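Following: one structure in structure tokens, then a few remarks.
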Amino acid sequence: MTLCEALPREPHREGSIPVLETKRLALRMPRLEDAKKVAALANDRRIAENTARIPHPYKMSDAVSFISGANKGAADAVFLITLRGGTVIGACGVTALDDQAELGYWLGVSHWGQGYATEALHAVIDFAFTDLAHEALNAGARVTNPASRRVLEKCGFQWTGVGLYRIRAINSSAPIDRFRLERGIWSALKTWGQMKRVM
């Protein structure tokens, strides 16, 4: 059986998932041919320990499962983060969980600390509020991951408390800082940012 035969034959919502472009990045829908690169990037314990659902080790079958399951729901938007030249450096997106929109993201370790996560999330947040019409977005960061917390705060998220969440890679629960961004706050921040550029 080939890799292509192992994938479900359900179509993705490719027509409704645009390419989002930022100054340095292009965010696009994951495709089957990305599986090898996704598996190579995500197979790092430092990434897996800071996400809820990424296993470690991360195998090719995990990448195929991620790609085949992406963008199935009408309120979901999952993107691969690529440099403008096409190099895949991570993934991000919005997924509807229990009638709430959850923002998630990860970057390959060699791309940490360069502002890519903040840049990518700004684009996804704009898409979630405009095209997907979400009223609020939720997100989380492990309490031991201050860099991820800073990314969320730079994007306008407000801290709402701490909760315990199951982390697949460590096969245990860990404390997570919870954050929320509501449409009204996002809109005010967008207006303020536009006003600052004009001044």
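Details
- Accessible area of residue 59 in the full protein assembly, 1.4 Å probe (Å², nearest 10): 120 Å²
- Heavy atoms of residue 164 accessible to a 1.4 Å probe, total area in Å² rounded to 10: 130 Å²
- Phi-derived couplings, Karplus 6.51 cos²θ - 1.76 cosθ + 1.60 at θ = phi - 60°, listed residue by residue for segment 157-169: 5, 10, 5, 10, x, 10, x, 9, 10, 6, 10, 4, 5 Hz, with x used for Gly and Pro.
- Distance between segment 30-57 and segment 87-164 - C-alpha centres, whole angstrom: 16 Å
- Helix-only CD estimate at 222 nm, as mean residue ellipticity for the chain, using -39500 (n - 2.57) per DSSP H run (n ≥ 4): -9500 deg cm²/dmol
- Taking 14 Å as the straight-line reach from the Cα of residue 37, the aspartates and glutamates in range (excluding those fewer than 8 positions away in the same chain) are 62.
- Interchain or long-range residues, amide H under 5 Å from residue 71's placed H: 78
- Surface accessible to a 1.4 Å probe, residue 54 within the full protein complex, Å²: 20 Å²
- Counting only residues at least eight positions apart within a chain, or on another chain, the aspartates and glutamates with an alpha carbon under 20 Å from that of residue 190 are 21, 119, 126, 131, 135, 153, 182.
- Charge dipole (Cα centre; +1 on Lys/Arg Cβ, -1 on Asp/Glu Cβ; no other charges) of segment 65-155 amounts to roughly 460 debye.
- Unit Cα scatterers, Debye sum, segment 41-199: log10 I(q)/I(0) for q = 0.12, 0.14, 0.19 Å⁻¹: -0.52, -0.72, -1.36
- In this Cβ point-charge picture (+1 for Lys and Arg, -1 for Asp and Glu), the chain has a dipole of about 600 debye about its Cα centre.
The values are calculated or read from the model by the stated rules, or taken from the named source; none is laboratory data. These numbers were taken from a predicted model, which means no experiment stands behind them. Don't worry about glycine lacking a Cβ; one is built from the backbone with ideal geometry, like all the others, and counts go over all protein chains shown. Quick note on the areas: whole protein, heavy atoms, side chains included, nothing else; ligands and nucleic acids left out. Shrake-Rupley method; radii C 1.70, N 1.55, O 1.52, S 1.80 Å.
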